[in-house]
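Values quoted throughout were computed directly from the atomic coordinates according to the rules given, and no laboratory measurement underlies them. Here the structure is a predicted model, which is why all the values come from computation and not from measurement. When we count neighbours, we look across all protein chains shown, and the Cβ atoms used for this are built from the backbone with ideal geometry, even at glycine.
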Amino acid sequence: MLEVSQLSKHFGGLRANSNVALSVRVGQIHVVIGPNGAGKSTLINMLSGDLPPTSGSIKLDGREIAGLRPDEISRLGVGRSYQKTNIFSSFTVLENCRLAAQSRAPQAWRLFTPADRHAPAIALARHAIAQAELDGREHRVASTLSHGEQRQLEIALSLATAPRVLLLDEPLAGMGAEESMRMVALIGKLRSDHAIVLVEHDIDAVFALADVLTVMVEGQVLASGSPAEIRANPQVQAAYLGTEHGHV
Amino acid sequence: MHPHSRTLGVVLLLALAALALFPLVGGTFYVQLITKVMILAIFAMSLDLLVGYTGLVSLGHAAFFGLAGYALALLQPKYEPMSIFITLPAALALCAVFALLTGALVLRTRGIYFIMVTLAFAQMVYFVFHDTALGGGSDGLYINNKPLVGWGELTLFDLENRTSFYYLVLVLLVAVYLLLRRVLASNFGHALQGIRVNEHRMRAIGFPVMRYQLGVYVLAGVLAGLSGYLSAAQFGFVNPEIISWHQSGAVLMMVILGGMGTLSGSMVGAFVFVLLEEFFKDDTVFGAVAKHWQLLMGLIIVAVACFLPRGLIGLLTRRKRDAGDA
Amino acid sequence: MDSVASILIQVLNGLQYGLLLFLVASGLTLIFGIMGVINLAHGSFYMIGAYLAFSLTSAFGNLFLALIAGIVLSVLLGLLLERLLIRHFYHRDHLYQVLLTYGLILIFEQLRSLLWGDDVQGVKVPELFNHSIPLTETLSYPVYRLVISAVCIAVALGLHGLIRHTRLGMMIRAGAHNREMTEAMGINIRLLFALVFSLGVALAALAGMLAAPVSSVYPNMGSQVLIICFVVVVIGGIGSVKGALVAALLIGLADTFGQVYLPQISGMVVYLLMALVLIFRPEGLFKKT
Amino acid sequence: MNPIDTQHTTPSGRRNFISRTAGAAAAIALPAPFVHAQPAKLKVGMMLPATGTFASLGTAITNGFRMAVAERGGKVGGREIEYFTIDDESNPAKAPENTNRLVQRDKVDVLVGSVHSGVALGMAKIARETGTLMLIPNAGADDITGPMCASNIFRTSFSNWQPVHPLGKVMAERGHKTVVWISWKYAAGDESARSFKEGFEKTGGKVVKELGLPFPNVEFQPLLAEIASIKPDAVACFFAGAGAAKFIADYAAAGLKDKIPLYGSGFITDGILQAVQPQAQGLLTTLHYADSLPLARDKEFRTKYATQYKLQPDVYAVQGYDTGLVLAQAMESVKGDFGNKQALARAMEGMKVDSPRGTWTMSKQHNPIQDIYLRRVEGEQNKYVSVAWKALADPARGCRMA
């Protein structure tokens, strides 16, 4: 589904990512972990098109997408969420999702049909709201939602674009324990019909969700494999798990 | 996305009725004044499309206003009228092409850059008409006849008649308002508002933001052109000053004074702005201060910037949402 | 006169004009870049400077004393404006900054009319510099213009030193880079902004004062300068003093040669130059990172 | 509200607001005169700049006009004058509307204005359409008394063609064969350029180069270098106001003053000598007015004006004064019967005006036939030297009025 190889990003002399490789397919959650500054967010930003890579390849279903604009990548079926909540805070939940769904709809450029009667987009939006378990809050203005709900909306926004690949950048950031559990369950459910790349710090969530784990340190892949392999990897233990217990 | 409040609808209908009846009772001067206000209301709504709905603060909107006016002045033969069905589409097409070309450049910039670059492009148009013989230089050009509403020998109605002209402008004002309400409620309109609220996320959910912005830039340019065309036709005179940055500043002031992101606000803004200017200039009221009316205008502008960010409409509607209401 | 000398003289003219533009534009670009404020009233400060030179020169009988007093007054004006108005607009949309400063233009212009009237007034060139250096058989170059250029260059060097080597400069660089970070570093951002704004006002006023003896003082003298300075800032890149210098010189030269060699389109030359830059470098020549 | 308010009340809310405020204020400001006495007042709309670059010109014209009327006890042809004033901002874009305000709202009988040619052209258009009597106290655009001439439009100042036309003759007499012309590239500059060239080349001289820069650009330095490289016998120019002051200063500073003599339209030294007194000394210009004219009429006018307004009169004050004179004399000849437009127009055509600038005659195309003076700058004055051209009439090209 998504194949990344030799991906690098340099900011001047700073090598934020060097020769990163990973792959993910539908039904799989590929978790990327690493200490702060390891280049995880840079990686996600390159996959989503927010940052153009310096070199390397990102293939979606065999098609090269490295260097495309974010909107082009989105329309090819890659949805993403942000570490820092990035929603349309003055719109209602439904408006948020309908807007996202609209970009998929064939009638995006129709000037004279009222948007709130645009059935395909509304259906898609409601489906995303249901998936993100925000039913009943469709007409709440986003800025009035709780933090946890805003994080759910963040996911719902991506879902409303009907993506096949989901890039989730720390979806649990700032959440309480109960909210986190709900979010983990939600992401787990999304596995069946999405290929998911997940960047996360919460160690429990990581091991609860991961099918494949990639550990990044200083912009490079330190190790990649199943959770069990990673746990057993002495390099990872030395460099990472051993020193920073509880906060991977 | 933005349900129209019932009261606003009623107020607008009453205003429409008042405008429709006005020529029956108003003196010639006031009919002309209200015609001008309605033309400016179209101008203000077109700018609001950029400023209020899409979050693009243009300080060069007068360029379109002036281009269309000059198009009429240059197309029409000196001493005979020409069909509005030729000159108007030509003027609007010119604005559309200009918007497309400059839009492709100015939309590469953001924020403060955008403000300055739009200003600079308008200034360039200003100098084209000011410095070259094309449009009569700084003295401008006369339009000796009003455009002909008709074709060949057939005349539908005579715009030389001030009342006819008034009603034509009124009809166009209503048409533009309805058109914009429709457009803003459409997918396209919602995308624009999404761009204003969170341009970055709009890209991430798959919107080619630049294309939408260019689309609205062209639409706004064309509508500003419509108002400029009408204004030139009304006064029969074009001059580089209609492109000056003071004109762009004034229309921006109208938009904010009325309440940006609200079409009705733009119309109210145009009306109040013209009224204030009339009022401050009146030396029977302000005596010697009337000579310095711009001082009063400046104070009002500063006060609006400080205390009335949501404009006059913002005073009336107590909605807490910041999102654009149509 | 041979054509080489002619071109050299035009280069001199272009540079002098450009340097004066730089003085106004540098303040504008600092206020943009560091405070994030778009200031349409910047041309008014130029105008105020020129009128101050007019009043103060006749009061002191000496342009140098007038310059010093004028700079003090303009710094005070800057601090006052920042405290009363500008401060409340840092976190607001640029739109409102446009509105506020547009209103200020009208107010300043009318106050000017009330205080000084609407006549054209002259300011004497200081005796010391009131002569010309013969360049060719017919043409000489006024010494005072060289003085203007010299002062502008001195100010440019001073600004460079200020930004590179002082604590204020360090704060300015940090502030231009990242406002939150600067605040986190414990820098008093309010003080910094007030200083930057007054610095900008003083630079524009200084330009006005220097220009007054050659340009005379007259109503609306600020607005022409303002728009050209916008173009300077756009070409140079917002917040970049170096960019402002390069762009101002570029525009000075383009405008000068445009007038001589392309008189038909000379009004548009600088805008065409801007369009060209926008096509290739939409963020200006010296985009700050 | 005053029952004789000129603004009729209407049921419209908006309309009411305007008329109520204006009407109420008018009632406060002008209580008694509104209930008018016999005969009805003559309504004069003064559309002049009150703000911006030309504000002081507007003031001088108003002063002059009012002085002429005051000399007749505030009456013209037995009728008192009611003034309506409006700031035209020297903005031509607002001219048609501002004119309409006077003509249609205030229903003025006479329009007086303006300084800026573009504004005057906009006014003239409406005056033609409505037949309102229009008196132009400054704006010199040739077209107004050329192709645009009309039976109800009169100019009491000059046409752009007039002041510089004699300059060619003056310069030729001083032995100059090659001349560079320089001015702003706008209508007044272009019209002056054409007129000068016509006058100068008739004498056998040659305008070797016409230099121009966009109005109101004042970066003259490159063009001065150009002049220095051409080395003509002399330079002739047209600028006005601040730009003129800067040009004179720059010309001197560039060292050209003593090498290539500078001449100009009189407007370049008008109202700016306090700014560039030293650099302008000895400059020769031509205009329809001068300081220290050898005329008793002028001396009397100047003393009176200076006492009354605490200001030295200038050419604009004279033009304003003459505008008042023309209106007053015409009204007297029809005995206050303003309705008799034909008689009024007949009275003005060919009218002799005993002006401070010397007696002049109103031409058939409604522009003054007047003497143009050669003046020399001495101190802060444009001293009279000689009459450069006696009774010069504008050719009024394109005027189809008999």
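In this rough spin-label picture, where each label sits 7 Å from Cα along the Cβ direction, the C:ILE265-A:GLU3 distance is 5.2 nm. Here's the list of lysines a cross-link from D:LYS231 could span, going by alpha-carbon distance under 20 Å and ignoring same-chain residues fewer than 8 apart: D:LYS177, D:LYS197, D:LYS206, D:LYS209, D:LYS257, D:LYS259. Computed over neighbours whose Cβ is under 14 Å from that of A:ILE44, the net charge equals -1, Lys and Arg +1, Asp and Glu -1. Could you identify which residue out of C:GLY43, C:GLY70, C:GLY103 has the top mean-square fluctuation in a GNM of chain C using Cα springs shorter than 10 Å? Sorting by GNM fluctuation, first place goes to C:GLY103. Looking at the protein assembly as shown alone, DSSP beta bridges between its own residues are antiparallel in about 50 percent of cases. Note on B:VAL274, C:VAL11, C:VAL225, B:VAL238: ascending count of other Cβ atoms within 10 Å places them as C:VAL11, B:VAL274, C:VAL225, B:VAL238, the fewest first.
Residues of chain D were split at every exposed loop site, defined as trypsin sites (Lys or Arg not before Pro) in a DSSP loop with at most 16 other C-beta atoms within 10 angstrom, and the longest piece left, sites excluded, is D:178-258. In this Cβ point-charge picture (+1 for Lys and Arg, -1 for Asp and Glu), segment B:109-212 has a dipole of about 800 debye about its Cα centre. Charging the Cβ of each Asp and Glu at -1 and of each Lys and Arg at +1, and nothing else, the dipole of the protein assembly as shown about its Cα centre rounds to 660 debye. Counting only lysines at least 8 places from D:LYS390 when in the same chain, those with an alpha carbon closer than 17 Å to its own are D:LYS169, D:LYS352. Judged by a Cβ-Cβ distance under 4.7 Å, the unpaired cysteines of the protein assembly as shown are A:CYS97, B:CYS95, B:CYS306, C:CYS152, C:CYS229, D:CYS237.
Taking every residue in B:299-307 and counting other chain Cβ atoms within 10 Å of its Cβ, the average works out to 6.
Of all the options B:GLY27, B:GLY103, B:GLY311, the one that moves most in a Gaussian network model of chain B with Cα springs shorter than 10 angstrom is B:GLY27. Here's the list of lysines a cross-link from A:LYS84 could span, going by alpha-carbon distance under 21 Å and ignoring same-chain residues fewer than 8 apart: A:LYS40. Using the beta-carbon distance between A:ASP61 and B:ALA93 and R0 = 51 Å, what value does 1/(1 + (r/R0)^6) give for FRET efficiency, to the nearest 0.05? Computed FRET efficiency for A:ASP61 and B:ALA93: 0.75. Taking chain D as a Gaussian network, where each spring joins two C-alpha atoms under 10 Å apart, which residue of D:VAL326, D:VAL218, D:VAL377 fluctuates the most? Looking only at D:VAL326, D:VAL218, D:VAL377, the largest GNM fluctuation is found for D:VAL218. D:SER355 sits among other residues whose Cβ lies under 9 Å from its own Cβ, and their net charge, with Lys and Arg +1 and Asp and Glu -1, is -1.
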